[in-house]
Amino acid sequence: MNSKTGRTMVQLACVLAAMVTINAVLARGHGGGGRFDYYLMSLSWSPSYCLVHPDEAEQCGRHGFGFVLHGLWPENRNGSWLQHCDTDTAPDVATIEHALAFMPSRHLVEHEWQTHGACTGLDPKAYFELADRAFARVRIPTELQTPRSPPTMSADEILRGFMDVNPGLGENMLSVVCHDGGELVEVRICLDRDLSPQACAGRTRSSCRHGNLRIPAAR
């Protein structure tokens, strides 16, 4: 083998190694759909959302929603998560119409598929059917079932309320998210891939102040 041929083979080996490295990175990122540890289900308090987005007619046109499904997000035990995975599919009309029963915004349905659903390894129909089952499994405390007057509750009382009506749900399996520390935005619950409650990891922490929160009534 002459020196020129040797250099060429070394260069080719370097190129191939670089391609393998790039493919491995892609497999962990945009191309990594289906490889994750558990789901984080986010329940949005619709009255708070509608105070800021009153023109969102599908969700906020005085429909009286309390908690709606914001999303079902693939997460990892090390605190990382998947987003914006490559996909050439989108929810069809029938799937969107089905999802509007628990995620009452077409824009949100499309956004959640593109941002999170495509990373689950499921097709849109299967993903939103799974999201429907996850949402249906969670019981809402009586005080937060579309109240017509603002509930007087702290974040701890909200957590306790969810645990009281959902056997098997523990303190390390859910959190409350607030705007500016004082207004209820979401409740987040960690679920295994069979949709049973499990301990959370990483970014799942309550972000609310102590004492009673601002909880707008259903509209």
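Bear in mind these aren't lab numbers, they're just calculated from the coordinates by the rules spelled out. Worth saying up front: this structure is predicted, and the values here are computed from it rather than measured. Positions of Cβ are backbone-derived with ideal geometry, glycine not excepted, and every protein chain shown enters the neighbour counts.
Quick rundown of the values:
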{"quantity": "Potential lengthening between T87 and L100 on full extension [0.36 nm per residue; Cα-Cα distance subtracted]", "calculated": "2.5 nm"}
{"quantity": "Phi to ³J(HN,Hα) by Karplus 6.51 cos²θ - 1.76 cosθ + 1.60 over segment 37-50, Hz, x for Gly, Pro", "calculated": "9, 7, 10, 10, 9, 10, 9, 8, 7, 4, x, 5, 4, 6"}
{"quantity": "Peptides 171-178, 158-165, 43-50, 57-64 ordered by average Cβ neighbours within 10 Å, highest first", "calculated": "43-50, 171-178, 158-165, 57-64"}
{"quantity": "Nitroxide proxy distance, nm - points 7 Å out along Cα→Cβ at V52 and T115", "calculated": "1.1"}
{"quantity": "Amide H contacts under 5 Å for R214, placed H, 5+ residues apart", "calculated": "E183, L184"}
